[in-house]
């Protein structure tokens, strides 16, 4: 097999047709040993930039600790059916996520579905909770685990039932919870309120712009409207991954 050798200069110049400009292929100033560049059996087009020598073992095994929570745009390398691909950290975290509560007691009209208000945000990773509802943001499509826990109080033990009803896109969905209260099992004192919690944990599938709200329905024979108590009422949720 014939060889083309260029000595002394260490460069090979390829000139264009009019000999004014050229492409220079240069070897390093010094080499620790002979090196080989093997071209594939295919057409190859080199793009502008610096040719990488690839990862070293130390790079792949992570010689440098991150030392902080990954940013959403930080990337992991994984094998997709044998093909190495990059994926942003945002796709591997349980976000969007939120947790909210109440700062004041809310009066609920008897036998009327009433939206429960939440004016206290403990956290809201994507700013997706507003106006007492969670709205699935763009790119947040998926299954969400949600936990609604309203705490009700009525008067004189005449409340018949307490219902917590999740709504999706303005209509009730089948993940609510109803508890009945009687004088015998809820009696505290006839001059004070009875109290009962009707929590519900459920998984709901959301696409961008879908929204979820928490409604309460309380059936009562008391002349006074019952209330949703502030201290023990909360709502939280987050996107599930891997499902």
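The values are calculated or read from the model by the stated rules, or taken from the named source; none is laboratory data. Predicted model, so just to flag it, every value in this text is computed and none were measured. Don't worry about glycine lacking a Cβ; one is built from the backbone with ideal geometry, like all the others, and counts go over all protein chains shown.
General observations
- For the range 115-135, residues that are under 13 Å from the mean Cα position of the chain (by Cα) and part of a loop (DSSP other than H, G, I, E, B) total 4.
- Residue 124 vs. criteria over 16 Å from residue 168 (Cβ atoms) and surrounded by fewer than 19 Cβ atoms within 10 Å (Cβ to Cβ): yes
- Qualifying residues in the range 136-150 (those that are crowded, with 20+ Cβ neighbours inside 10 Å and assigned to a strand (DSSP E or B)) - the one modelled with the lowest pLDDT: 150
- Scanning the range 73-95 for residues that are surrounded by 12 or more Cβ atoms within 10 Å (Cβ to Cβ) and assigned to a loop (DSSP other than H, G, I, E, B) turns up 74, 93, 94, 95.
- Among the residues of this structure, residue 98 does not count as one that is under 21 Å from residue 235 (Cβ atoms), surrounded by fewer than 12 Cβ atoms within 10 Å (Cβ to Cβ), touching a strand residue (DSSP E or B) at 6+ places or on another chain (Cβ under 9 Å) and in contact (Cβ under 8 Å) with a residue 24 or more places away in the chain.
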